[in-house]
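Asker: Sharing a structure here in structure tokens format.
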2 protein chains.
Amino acid sequence: MSKNTAADIIHLHHGSGGQHMTALLNDVIFKHLDNPTLATRHDGAFLNLGGGTLAFSTDSYVISPIFFKGGNIGELAVNGTVNDLSMCGAEPKYLSLAFIIEEGLSLAAFEQIVISIKTAAQKAGVQVVTGDTKVVERGKGDKIYINTSGIGVVRPTAAISSARIAAGDAVLVNGALAAHGMAIMSQREGLSFESEILSDTTNLNFVVKELIETFGDKIKFLRDATRGGLASVLNEITTDCQLGINLLEKNIHVDTAVKSACELLGLDPVYVANEGVFVCIAEASVQEEVLAVLRKYQPAAMILGNVTEEHPSKVIMTSAFGGKRVVNPLVGEQLPRIC
Amino acid sequence: MSKNTAADIIHLHHGSGGQHMTALLNDVIFKHLDNPTLATRHDGAFLNLGGGTLAFSTDSYVISPIFFKGGNIGELAVNGTVNDLSMCGAEPKYLSLAFIIEEGLSLAAFEQIVISIKTAAQKAGVQVVTGDTKVVERGKGDKIYINTSGIGVVRPTAAISSARIAAGDAVLVNGALAAHGMAIMSQREGLSFESEILSDTTNLNFVVKELIETFGDKIKFLRDATRGGLASVLNEITTDCQLGINLLEKNIHVDTAVKSACELLGLDPVYVANEGVFVCIAEASVQEEVLAVLRKYQPAAMILGNVTEEHPSKVIMTSAFGGKRVVNPLVGEQLPRIC
């Protein structure tokens, strides 16, 4: 790549509120993201959502590197918040978008990120309706951090709540584990494998839509397994509902290259971050039908186990050989800045 | 201040999604900010707002220093987003709260910021309902950055739109200029003045409520004069509505100590950032009554001038001696990281 000149990079004055900032907004952000709501260019967006319950969610994305195999921070920032809203049983509708840019980021990289945001938003059917741009000095950030907050409308037949989880409910997962975390880690460590490991970042709103439209309140709980991985999510659930979860290790799917990377780096895939994996707790009576819906989207979906009264607040995994072990929540930081 | 030990500061593992993060959330964030919506601890919040139009706004706060005379980054992050919603003619209701913390921030400083957030939210009558915490390595941030996004319900009689601005409308300001920017600059430069300069950070939702309840659609436009100051806001307005604005310099109020600081640093107060100042464009027929309402909250409120067809897209200021000059928008970065 050729060296960037002064005109090719973001400077502090791009965050000033003055003419340079207006130019950056017009030349990069509004060029790609324009829609009638954003076009009003007020500090806030006006939204008509009708009645009903809203879901509201926020996440800041600080992933490093900002471009990774299978995606970049912009795509991740859209999908992550779309997925948080989806896990509320909501139809994601509107996003806010706030950049904290380190001085020196190339305009080309910034524009590529904005274009990915546009594409991911279109794919998920959401609109970016309001935003903010700040620039900090070199050494006070790391290229770019992005916050997206989102508003969705809770689907009328959704009743997602950990309070509804009961003994006997089925615990399902929609796909193979650990791809996102291992894509990032492999890139950071300079590892390569026979088959390339790609992040699993994707929008989950359409599979959730089908689950809720088909099964209504028989879907009791949804949570995406991001930071801390599957193990942390399941432990959060057991802590919340004061019930236990039994898992069958053989039903946890991890792709071959991902498994190799985990072994090489000494990581347990159940603790590794995902960006397209979620846990679904459903009434046992519909577990096979729920699995069939999940498999329409990802063939690696599995029934992992069930909820039990036997060991409250504990997740216990049964190995292929019948041994049992407690799956504790993540302690310490396994993979900093994974999302 | 005594040296912090390892247990007193934020570490990368506080952002892990695991046990340390849960402890930080419980011990600091939920301790101070708990409410029934946040207590569900889902990744998103469920909100019932009835029908009507919503306002949605986002801002990231990257101010340095994080503790300043008259406030801190936490208070600023609440007031700033409350004010952006207020400027939409909305009643601010709910905030999201997302931290990007640099490893090494003291837990005491973090807790003080969270307490200020709580106090500012209570004062403005808004609830923090969802959040996110990320931790980045030393040298990849600067103590703490905060994003708040907010949802408000647009007041039924509000009709805030730059498209409604017409020649003859009055241009008002609710108080004295440049206090926030000069409080920060004085602190950075180690300057002191006879009377201390305090940031003007405050919530503007109650004055806006009274304006809209009293004058309805006779209030045509509202915008807070933050980054880029009064000059940039007025230029944005004239650009949007393709009309001009006339200002009387003698009606622009700047406190004595603030004026001294501006002179010492060679800054024009109309370009300096404010955190409690807003511009109100109202029908001329009610300008005196609007002024009277503004003065109930801040005695320094003034009618600055009016909207004109004479010089489209230009802001022209008449000095005390009758001379006229064009007030251009801010070029370059005057005060980086002022909010």
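The values are calculated or read from the model by the stated rules, or taken from the named source; none is laboratory data. Being a predicted model, the structure only gives us computed values, none of them experimental. Every residue, glycine as well, gets a Cβ built from its backbone with ideal geometry; the counts of neighbours run over all protein chains shown.
Asker: Picking from B:86, B:57, which residue would you name as being more than 30 Å from residue A:238 (Cα to Cα), hydroxyl-bearing (Ser, Thr, Tyr) and in contact with a Pro (Cβ under 7 Å, 6 or more places away or on another chain)?
Answerer: Values: B:57 fails: in contact with a Pro (Cβ under 7 Å, 6 or more places away or on another chain).
None of the other options fit; the residue is B:86.
Asker: Assess whether residue A:129 counts as being at the interface with chain B (Cβ under 8 Å from one of its Cβ atoms), touching an Asp or Glu at 6+ places or on another chain (Cβ under 9 Å) and hydrophobic (A, V, I, L, M, F, W, C). Show your work before the answer.
Answerer: Values: at the interface with chain B (Cβ under 8 Å from one of its Cβ atoms): yes; touching an Asp or Glu at 6+ places or on another chain (Cβ under 9 Å): no; hydrophobic (A, V, I, L, M, F, W, C): yes.
No; evaluated as a whole, the condition is false for this residue.
Asker: May I pose another question? State yes or no: is residue B:273 buried (at least 24 other Cβ atoms within 10 Å of the Cβ) and of a type outside the set (S, T, N, Q)?
Answerer: Values: buried (at least 24 other Cβ atoms within 10 Å of the Cβ): yes; of a type outside the set (S, T, N, Q): yes.
The answer is yes for residue B:273.
Asker: While we're on this one: Collect the residues in segment A:225-247 that are farther than 25 Å from residue A:323 by Cβ, assigned to a helix (DSSP H, G or I) and more than 9 Å from chain B (Cβ to nearest Cβ), keeping them in residue-number order.
Answerer: First, the residues of segment A:225-247 that are farther than 25 Å from residue A:323 by Cβ: A:226-227, A:240-242.
Retained after the next criterion (residues that are assigned to a helix (DSSP H, G or I)): A:240-241.
Scanning segment A:225-247 gives a single hit, A:241.
Asker: Something else: All but one of (1) modelled with pLDDT of 95 or more; (2) out of contact with any Phe, Trp or Tyr (no Cβ under 7 Å at 6 or more places or on another chain); (3) over 24 Å from residue B:81 (Cβ atoms); (4) of a type in the set (A, V, I, L, M) hold for residue B:290; state the number of the condition that does not hold.
Answerer: Among (1) modelled with pLDDT of 95 or more; (2) out of contact with any Phe, Trp or Tyr (no Cβ under 7 Å at 6 or more places or on another chain); (3) over 24 Å from residue B:81 (Cβ atoms); (4) of a type in the set (A, V, I, L, M), residue B:290 violates only (2).
Asker: Ok, one more. For residues that are assigned to a loop (DSSP other than H, G, I, E, B) and facing chain B (nearest Cβ under 10 Å), scanning just segment A:137-157, find the one that is farthest from residue A:255 (Cα to Cα). Steps first, answer last, please.
Answerer: First, pick out the residues of segment A:137-157 that are assigned to a loop (DSSP other than H, G, I, E, B): A:137-143, A:155-157.
Restricting the remaining residues to those that are facing chain B (nearest Cβ under 10 Å) gives A:137, A:139-143.
Working: A:137: 41, A:139: 37, A:140: 37, A:141: 34, A:142: 31, A:143: 31 Å.
Among those that are assigned to a loop (DSSP other than H, G, I, E, B) and facing chain B (nearest Cβ under 10 Å), it is A:137.
Asker: Could you grab me the full set of residues in segment A:21-73 that are free of Cβ contacts under 8 Å to residues at least 12 places away in the same chain, facing chain B (nearest Cβ under 7 Å) and either touching a strand residue (DSSP E or B) at 6+ places or on another chain (Cβ under 7 Å) or not in a loop (DSSP other than H, G, I, E, B) (or both)?
Answerer: Within segment A:21-73, A:46, A:48 meet the criteria.
Asker: Now a separate question. Take the residues in segment A:75-120 that are assigned to a loop (DSSP other than H, G, I, E, B) and small (Gly, Ala, Ser), then tell me which one is surrounded by the most Cβ atoms within 10 Å (Cβ to Cβ).
Answerer: The first filter runs over segment A:75-120 and keeps only residues assigned to a loop (DSSP other than H, G, I, E, B), leaving A:88-89, A:103-105.
Next, only the ones that are small (Gly, Ala, Ser) stay: A:89, A:104.
On the way: A:89: 29, A:104: 16.
Applying the filter and picking the extreme gives A:89.
Asker: Now, a different point. Looking at the structure I just gave you, is residue B:93 more than 14 Å from every other protein chain (Cβ to nearest Cβ) and within 17 Å of the chain's Cα centre (by Cα)? Steps first, please.
Answerer: On the way: more than 14 Å from every other protein chain (Cβ to nearest Cβ): no; within 17 Å of the chain's Cα centre (by Cα): yes.
Criteria not met by residue B:93.
Asker: Given the residues A:169, A:200, which is the only one that is among the charged types (D, E, K, R) and within 24 Å of residue A:338 (Cβ to Cβ)? Before the answer, list the steps.
Answerer: On the way: A:169 fails: within 24 Å of residue A:338 (Cβ to Cβ).
Exactly one of A:169, A:200 is among the charged types (D, E, K, R) and within 24 Å of residue A:338 (Cβ to Cβ), namely A:200.
Asker: I would also like to ask the following. Looking at segment B:306-325 only, could you name the residues that are within 14 Å of chain A (Cβ to nearest Cβ) and outside any loop (DSSP other than H, G, I, E, B)? Reasoning before the result, please.
Answerer: The initial filter retains those residues of segment B:306-325 that are within 14 Å of chain A (Cβ to nearest Cβ), namely B:313, B:315.
Passing the criteria: only B:315.
Asker: Can you pull out every residue in segment B:272-305 that is out of contact with any strand residue (DSSP E or B) (no Cβ under 9 Å at 6 or more places or on another chain) and under 24 Å from residue B:194 (Cβ atoms)?
Answerer: Listed by number, the residues that qualify are B:272, B:273, B:298, B:299.
Asker: Next up: May I ask you to verify whether residue B:279 is at pLDDT 95 or above and within 19 Å of the chain's Cα centre (by Cα)? Outline the logic, then answer.
Answerer: Details: at pLDDT 95 or above: yes; within 19 Å of the chain's Cα centre (by Cα): yes.
Yes: the conditions hold for residue B:279.
Residues are listed down the side, and each one gets a yes or a no for (1) within 13 Å of chain A (Cβ to nearest Cβ); (2) crowded, with 23+ Cβ neighbours inside 10 Å; (3) in a helix (DSSP H, G or I):
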{"site": "B:181", "(1), (2), (3)": "yes, yes, yes"}
{"site": "B:186", "(1), (2), (3)": "no, no, yes"}
{"site": "B:200", "(1), (2), (3)": "no, yes, no"}
{"site": "B:215", "(1), (2), (3)": "no, no, yes"}
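Asker: Right, something else. Only one of these conditions is not met by residue A:219: (1) closer than 17 Å to residue A:166 by Cβ; (2) buried (at least 20 other Cβ atoms within 10 Å of the Cβ); (3) without any contact (Cβ under 8 Å) to a residue 60 or more places away in the chain. Which number is it?
Answerer: Only one criterion is unmet by residue A:219, namely (3).
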